[in-house]
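The values are calculated or read from the model by the stated rules, or taken from the named source; none is laboratory data. It should be emphasised that the depicted structure is a prediction, and the values quoted were computed from it without experimental measurement. Cβ coordinates were reconstructed from backbone atoms using ideal geometry, including for glycine residues, and neighbour counts include every protein chain displayed. Calculation scope for accessible area: heavy atoms of the full protein, side chains included, ligands and nucleic acids excluded. Shrake-Rupley method; radii C 1.70, N 1.55, O 1.52, S 1.80 Å.
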Amino acid sequence: MDIQHLMRQARKLEKAMADARASLDQIAVEAESGGGLVKVKMDGRCNLLKLEIDAKAIDPADKGMLEDLVTAAVNAGAEKARAAADEHLKKSTGGIQVPGLPY
């Protein structure tokens, strides 16, 4: 086994991962809760880009319901964003699973 070849491959993989991480903000996912009453859009870094709340969800007498809907939509969005980021990183490494590498 050629150690120099192995080192070159490792550098290629490292660059591919860095490039993929740098482009995570270009990934966008959407999620909703309450049958579409609350919608969120997040990027591949799990940053909240947009939050939409339908007027029907705004009931001053039931603030807790709106809070639950927002929480559910954000959590669903974060789950989708993590899955999209994982898939994006997996493609950039040619399918190689690199343990311990966060997106």
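Work from the charge dipole of the chain (Cβ charges, +1 for Lys and Arg, -1 for Asp and Glu, about the Cα centre) and give the residue of Asn75, Gly94, Leu51 farthest towards its positive end.
The listed residue farthest towards the positive side: Gly94.
In the Gaussian network model of the chain, springs joining C-alpha atoms below 10 Å, which of Ala20, Ala76, Ala55 carries the largest mean-square fluctuation?
Among Ala20, Ala76, Ala55, the largest mean-square fluctuation in the Gaussian network model of the chain belongs to Ala55.
Report, to the nearest 10°, how far helix 63-92 tilts away from the longest principal axis of the Cα atoms in the chain, using its own Cα long axis and a range of 0 to 90°.
Tilt relative to the chain: about 20 degrees.
So what's Rg/Rh here for segment 1-44, counting alpha carbon atoms and using the Kirkwood radius for Rh?
With Rh from the inverse mean 1/r over Cα pairs, Rg/Rh is 1.41.
If I take every Cα pair under 8 Å that is 6 or more residues apart in the chain, average their sequence separation and divide by the length, what percent do I get for the relative contact order?
The normalised contact order for the chain reaches 29 percent.
Hey, what angle do you get for helix 3-22 against the long axis of the chain, alpha-carbon based, 0 to 90 degrees rounded to 10?
It works out to around 20 degrees.
Let me confirm the definition first: pairs of Lys residues in the chain, 8 or more apart or on different chains, C-alpha distance under 14 Å. How many are there? Intermediate results must be reported in sequence, preceding the final value.
Working: Lys12/Lys91; Lys15/Lys90; Lys15/Lys91; Lys39/Lys50; Lys39/Lys56; Lys39/Lys80; Lys41/Lys50; Lys41/Lys80.
Counting lysine pairs in the chain gives 8.
Determine how large the accessible area of Ile3 is when every protein chain is in place; take a 1.4 Å probe and give Å² rounded to the nearest 10.
100
For segment 1-83, what does the convex hull of the Cα positions come to per residue, in cubic angstrom?
Value for segment 1-83: 86 Å³ per residue.
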